[in-house]
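To start, the structure under review is shown below, and the notes come after it.
The values are calculated or read from the model by the stated rules, or taken from the named source; none is laboratory data. Just so you know, these numbers come straight off a predicted model, no measurement behind them. Methodologically, a virtual Cβ is constructed for each residue, glycine included, from the backbone with ideal geometry; neighbour enumeration extends over all protein chains shown. Quick note on the areas: whole protein, heavy atoms, side chains included, nothing else; ligands and nucleic acids left out. Shrake-Rupley method; radii C 1.70, N 1.55, O 1.52, S 1.80 Å.
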Amino acid sequence: MSTGSGADSAPAPTALDPSVRSKTSMFSSLRIRNYRLFAAGAVVSNTGTWMARITQDWLVLSLTGSSAAVGITTAMQFLPMLLFGLYGGVIADRFAKRNLLFVTQGAMGLGGLFLAAMTLTGHVQVWHVYVTAFFTGLVTVVDNPTRQSFVSELVGPDQVRNAVSLNSANFQSARLVGPAVAGVVTAAVGPGYAFLANGLSFLAPIAGLLLMRTGELTRSPLAPRRGKGQLREGLTYVRAHPELIWPIVLIGFIGTFGFNFPIWLSAYADDVFHGGSGMYAAFTTLMAAGSLIGALLAARRRTSRLRMLTATAGLFGAALIAVAAVPNAYVFAALLIPVGAIGLTVNVTANSSVQMATDPEMRGRVMSLFMMVFVGGTPFGGPLFGWLTDTYGVRVSFALGGLVVALASLGVGLGLARAANLRLQVDLRRGRQHVRFVPREVALAPAA
């Protein structure tokens, strides 16, 4: 380690350092030591999580021979968020977030080790997988809003957008690597060791939390631990802030109607282009690569404007409609990259907009509502678009999802404009901006 003077001896930047807050680049949050530790631990645990997801589905299918059983496993993972998601936000606001993460990350590690033990000893049954999936979902109810809101404590308010974008890039990178590693490990030594790797991967974020400098955290005020009505208070808070409720409404529509890619891509690969599981894997990889690109590009932007959110959501819906009709498999595959990038941009913009517009003491409850709405639509959207795909074909299902997203973005845009006392102005004269939102008094004034 260098002990010289000058630039080499300068203290490391922190979230409280103005020199960090004034600069925004693609990786600016990584200049903050605590966030580097957080991100390094997350990339290891995220990779383990994706390994477990792929291996878990394969194990259930091999034990039962039933795709419906795989669907039950997925439902077990998402059901706790739908049922108890808001309570997770209350817990996140009541306790120190770093301390909560020690508990949740450790619990997830134990879940992975339990499934590894059952598999390696040859005693695993499908109900073990169901129980582990449900347990992991319960822990996620608390872990998700805690991690989301902890980001602002790590980097401070001016770097929230960049940190959220890098978190998404982190997750998408693991999504590219984890399934490939899981396939190699499962083929070489069996699924039990993939579960073991997942359980042990949570040692990385725990180590990162231990090594953090707590004095450099920008701590949020804590809600009273025994206060009554805190859940209702969170809902009332969101209802009173249009800049929160409209993005949450929009992300609910997108999560339910626009993010059904496992159904759509598998149907395109099998029924439309007749490429089988290999083509489906390629489609999924290209989507993940596009999402990674979108996350990195989002990290360069300094602000999260709501008009950008509605515009990118509308573009995402239009892209789904356009791609639905593509007749060639290679063109379809290539277009999945920009579709993934736009979809991830919508998600990052909504996430960071909501975080930055929320008071610190309410952030856990607001983010739990955000995640519950985004993830909670999966049990409804999946069966609906699965039925539409089986009944009317995947092209109709894909395009209909895009149409709903596009209409929702238009409706949310009009709702935000009304809340801001704006009106839509259409001016078809040459040299003018043809469509824009303007203050009502301007829109009502006679044209010059």
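Any idea which of Thr49, Thr55, Thr74 is among the hydroxyl-bearing types (Ser, Thr, Tyr) and at pLDDT below 80?
Details: Thr49 fails: at pLDDT below 80; Thr55 fails: at pLDDT below 80.
So the residue among Thr49, Thr55, Thr74 that is among the hydroxyl-bearing types (Ser, Thr, Tyr) and at pLDDT below 80 is Thr74.
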Residue tally, condition in contact with a Leu (Cβ under 8 Å, 6 or more places away or on another chain) and within 23 Å of Glu233 (Cα to Cα), over region 362-387
7
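Conditions tested, residue by residue: (1) in contact with an Asp or Glu (Cβ under 9 Å, 6 or more places away or on another chain); (2) over 27 Å from Gly234 (Cα atoms); (3) part of a helix (DSSP H, G or I); (4) among the hydroxyl-bearing types (Ser, Thr, Tyr).
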site	(1), (2), (3), (4)
Gln77	no, no, yes, no
Leu86	no, no, yes, no
Gly89	no, no, yes, no
Asp93	yes, no, yes, no
Leu110	no, yes, yes, no
Phe114	no, yes, yes, no
Do any helices (runs of 4 or more DSSP H) lying entirely in region 241-358 carry at least 2 residues that are among the hydroxyl-bearing types (Ser, Thr, Tyr) and over 23 Å from Tyr392 (Cβ atoms), and which ones are they?
276-299, 306-324, 329-356
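Identify the residue in region 219-237 that is open to solvent by less than 40 Å² (accessible area, probe 1.4 Å) and polar (S, T, N, Q) and, among all such residues, is modelled with the lowest pLDDT. First the steps, then the outcome.
Filtering region 219-237 down to residues open to solvent by less than 40 Å² (accessible area, probe 1.4 Å) leaves 220, 223, 227, 229-230, 234, 237.
Checking which are polar (S, T, N, Q) leaves us with 220, 230.
Working: Ser220: 76, Gln230: 71.
So the residue we want is Gln230.
Residue check: is Val272 open to solvent by less than 50 Å² (accessible area, probe 1.4 Å), without any contact (Cβ under 8 Å) to a residue 24 or more places away in the chain and in contact with a Phe, Trp or Tyr (Cβ under 9 Å, 6 or more places away or on another chain)?
Working: open to solvent by less than 50 Å² (accessible area, probe 1.4 Å): yes; without any contact (Cβ under 8 Å) to a residue 24 or more places away in the chain: no; in contact with a Phe, Trp or Tyr (Cβ under 9 Å, 6 or more places away or on another chain): yes.
No.
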Which listed residue is under 25 Å from Thr74 (Cβ atoms), hydrophobic (A, V, I, L, M, F, W, C) and at pLDDT below 85, from Val375, Val346
Val375
Which of the numbered conditions does Leu336 fail, given that it passes all the others? Conditions: (1) within 13 Å of the chain's Cα centre (by Cα); (2) more than 23 Å from Gln159 (Cα to Cα); (3) aliphatic (A, V, I, L, M); (4) open to solvent by less than 10 Å² (accessible area, probe 1.4 Å).
(1)
Restrict the check to region 151-160 and report whether at least one residue is in a helix (DSSP H, G or I), among the polar types (S, T, N, Q) and either within 22 Å of Arg363 (Cα to Cα) or within 18 Å of the chain's Cα centre (by Cα) (or both).
yes
Would you pick out the residues in region 187-210 that are closer than 15 Å to Leu101 by Cβ, assigned to a helix (DSSP H, G or I) and of a type in the set (A, V, I, L, M, F, W, C)?
Leu203, Ala204, Ile206, Ala207, Leu209, Leu210
Looking only at residues in region 142-162 that are touching a Ser or Thr at 6+ places or on another chain (Cβ under 8 Å) and within 10 Å of Ser368 (Cα to Cα), which one is surrounded by the most Cβ atoms within 10 Å (Cβ to Cβ)?
Pro145
I'm checking my understanding of the structure. Among residues of region 279-293 that are among the hydroxyl-bearing types (Ser, Thr, Tyr) and open to solvent by 50 Å² or more (accessible area, probe 1.4 Å), which one is farthest from the chain's Cα centre (by Cα)?
Tyr280
Out of all the residues in region 104-138, which are farther than 20 Å from Pro191 by Cα and modelled with pLDDT of 95 or more?
Thr104, Gln105, Gly106, Ala107
Of (1) crowded, with 17+ Cβ neighbours inside 10 Å; (2) out of contact with any Pro (no Cβ under 7 Å at 6 or more places or on another chain), Leu203 satisfies all except one. Which?
(1)
What are the pairs with Cβ atoms under 9 angstrom where one residue, in region 243-258, is farther than 23 Å from Ala341 by Cβ and open to solvent by less than 10 Å² (accessible area, probe 1.4 Å) and the other, located anywhere, is modelled with pLDDT under 90 and among the polar types (S, T, N, Q)? Sequence gap at least six, or different chains.
Leu244/Ser353; Leu244/Thr358
Is region 151-170 home to any residue that is within 14 Å of Thr49 (Cα to Cα) and not charged (D, E, K, R)?
yes
